[in-house]
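Data block below; observations after.
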Amino acid sequence: MLFRRPPHPIEAEIPRLRRFARVLARDAQLADDLVQDCLARALAAWSLRRDEQALRPWLFAILHNLWRNRQRREAIRPDGYPLDDAGEGPAESGGQWERLQLRDLQTALDLLSEDHRVLLMLVAVEGLSYEEAARVQNIPLGTVMSRLTRARERLRALMGGGPVPGSDGGRPYLRRVK
């Protein structure tokens with residue numbers, strides 16, 4: 001009888017890590033490198049982990065920190081140029097309308113600040129709670145809530161063709177404060 005080792009808990013998180021890394025890096029190969037580095041660090045520090053329930057936020061925090069460190073290094077030494085400018089299309093083949101919607105969504109997401117884009121990814125796509133997203137980003141809970149509100153408003157305006165908050169195009173944008 002052959003014995004199979006039970007899967008490591010990290011294995012189930014790899015697709016989510018790859019998706020998050022692609023949002024950060026906007027490059028499939030760089031995203032895969034980030035995930036590999038993240039997994040190596042997580043496994044090396046496995047015995048130092050404190051909370052069994054917080055595996056996903058812990059992994060996202062490691063990945064996000066790796067990304068920030070990479071950005072800092074490249075700001076000091078910006079000598080890398082992409083070899084392949086061809087972007088990847090949707091994972092599944094769809095009709096023309098769906099492709100246009102995906103393109104518009106990607107364009108709108110690219111117009112958001114990195115802070116807004118990352119929080120939308122963590123909360124809306126990955127399903128992290130606001131508290132978990134705050135831990136991943138190392139920011140206060142109130143900041144998460146306000147950034148998400150602004151990110152959703154801006155994304156909605158960009159996708160709907162309405163006035164973009166903060167722009168001077170069209171009618172003035174008013175916000176009610178309680």
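None of the figures in this text is laboratory data; all of them are computed from the coordinates on show. Quantities reported herein were computed from a predicted structural model and do not represent experimental measurements. Quick reminder, even Gly has a Cβ in these numbers, built from the backbone with ideal geometry, and neighbours come from all protein chains shown.
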**Request:** Give the Cα extents of segment 8-78 along the principal axes, in whole Å, largest first.
**Result:** 38, 22, 16
**Request:** State the extension gain, in nm to one decimal, for the chain segment bounded by D104 and W46, taking 0.36 nm per residue of separation less the distance between their alpha-carbons.
**Result:** 16.9 nm
**Asked** Contour minus end-to-end for N69 and A28, with contour as 0.36 nm per residue of separation and end-to-end as the Cα-Cα distance?
**Response** 12.9 nm
**Message:** Would any residue of segment 6-22 have its amide N under 16 Å from a label point 7 Å out along Cα→Cβ of L55? List them or say none.
**Reply:** 6-18
